[in-house]
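Inspection log for the structure reproduced underneath, given as structure tokens.
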Amino acid sequence: MFIDSHCHLDRIDLAPFGGDFASFMKEASMHQIDHMLCVSIDLQSYPAMRCLVGAYDNVSVSAGVHPNENVSEEPSIEELVSLGGDDKVMAIGETGLDYYRSSGNLDWQRKRFRQHIRAAKILGKPLIIHSREAKDDTIKVLKEEGASQVGGVFHCFTEDWETALQVIDLGFFISFSGIVTFRNAQLIQDVARMIPNDRFLIETDSPYLAPIPFRGKPNYPLYVRHVAQCIAELKNISIDEVARLSSDNFYRLFSRPRA
């Protein structure tokens, strides 16, 4: 059984499933998807996302605002704590820093990041970290805010082994997306090969970043096995072992008992 540790179920294309979310969920079960973590990008769409997955015990959610998201009002610590108190909320995020899509004075982005970390610490729940072309500042802010107290995961990891070691030293996990299957992803593949078996997760980030052989097409949690297969080949272990290890790591990180 596989766990998709990072997806956006409220944004996937349901056309192949007759526009019916229940049909998609049935298909996911048939593809041995044991659990999915549906990750928040903004708080405006959060209520609808929470409602969409509310009836499914095999879907959990996070609460947070993506570092690039334009908002009319910044999320407060109190608002994040209020949302995060829901038992279905396993984590705070996704949050972090993204210097690729944003430019200029990014103090607002760093402040937003710190708000999320402080909320996570109050709740005692882990963080989902998005970091793009901002690895040094991301790690700096995490250290300054004492984020190691709650830990979390760097999702869709695209950095080098040196950065991976810093992430692991902070007590965080590393999650690999479909990017690890790309032919030009040698740097990420090296990290996947070397990472300790008790420190990695797998994800799709669907509907984005579909793995080979679906690259350039809409992505679905059903494709997480392709990420697992790639990691299995890199680590020279079976895909069943990757599924078991990544699932064990997921449940350990999010302190969730197995179903």
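The values are calculated or read from the model by the stated rules, or taken from the named source; none is laboratory data. Keep in mind it's a predicted model, so treat the numbers as computed, not measured. A quick note on method: Cβ atoms are made from the backbone with ideal geometry, for glycine too, and the neighbour counts reach across all protein chains shown. Side chains included, ligands, DNA and RNA excluded: accessible areas come from the protein's heavy atoms. Shrake-Rupley method; radii C 1.70, N 1.55, O 1.52, S 1.80 Å.
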(message) If I model a spin label as a point 7 Å beyond the Cα along the Cα-Cβ vector, how far apart are those points for Asp198 and Ala22 in nm?
(response) 4.3 nm
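Report the gain in length on full extension from Tyr251 to Glu74: 0.36 nm times residue separation, minus Cα-Cα distance, nm rounded to one decimal. Working shown, then result.
Values: separation 177, 0.36 × 177 = 63.72 nm, distance 3.08 nm.
Between Tyr251 and Glu74, full extension yields 60.6 nm more.
What length, rounded to one decimal in nm, is gained on full extension from Leu165 through to Lys143, with 0.36 nm per residue of separation minus their alpha-carbon distance?
6.5 nm
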(request) Give the range of the longest stretch in the chain that excludes all trypsin sites (Lys or Arg not before Pro) found in loop regions by DSSP and having at most 12 other beta-carbon atoms within 10 Å. (result) 1-100
(request) Please identify which residues in the stretch 42-74 have an amide N closer than 17 Å to a label point set 7 Å out from the Cα of Trp108, following the Cα→Cβ vector. (result) 42-44, 65-74
(request) Report Rg (one decimal) and Dmax (nearest whole number) for the chain, counting Cα atoms only, units Å. (result) 17.0, 48
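Provide the convex hull volume over Cα atoms per residue for the stretch 136-234, in Å³. Present the calculation step by step, with values, prior to reporting the outcome.
Numbers: hull volume 10.1 nm³, N = 99.
Per residue, the Cα convex hull of the stretch 136-234 comes to 102 Å³.
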(request) Could you tell me which of Ser82, His130, Trp108 has its Cα farthest along the dipole of the chain towards the positive end, charges placed at Cβ (Lys, Arg +1; Asp, Glu -1), taken about the Cα centre? (result) His130
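Looking at the stretch 7-89, which chymotrypsin sites (Phe, Trp or Tyr not before Pro) are in a loop (DSSP not H, G, I, E or B) and have at most 13 other Cβ atoms within 10 Å?
Those that pass, being in a loop and sparsely packed, number zero.
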(request) Give, rounded to the nearest 20 debye, the magnitude of the charge dipole that the chain has about its Cα centre when Lys and Arg contribute +1 at Cβ and Asp and Glu contribute -1 at Cβ. (result) 240 debye
(request) Determine the share of the chain's accessible area contributed by carbon and sulfur atoms, expressed in whole percent, with a 1.4 angstrom probe. (result) 48 percent
(message) Run lengths n ≥ 4 of DSSP H only: what is the helix-derived mean residue ellipticity at 222 nm for the chain, with -39500 (n - 2.57) per run over all residues, to the nearest 500?
(response) -11500 deg cm²/dmol
(request) Keeping all protein chains in place, calculate the accessible area per residue for the chain (probe 1.4 angstrom), answer in Å². (result) 43 Å²
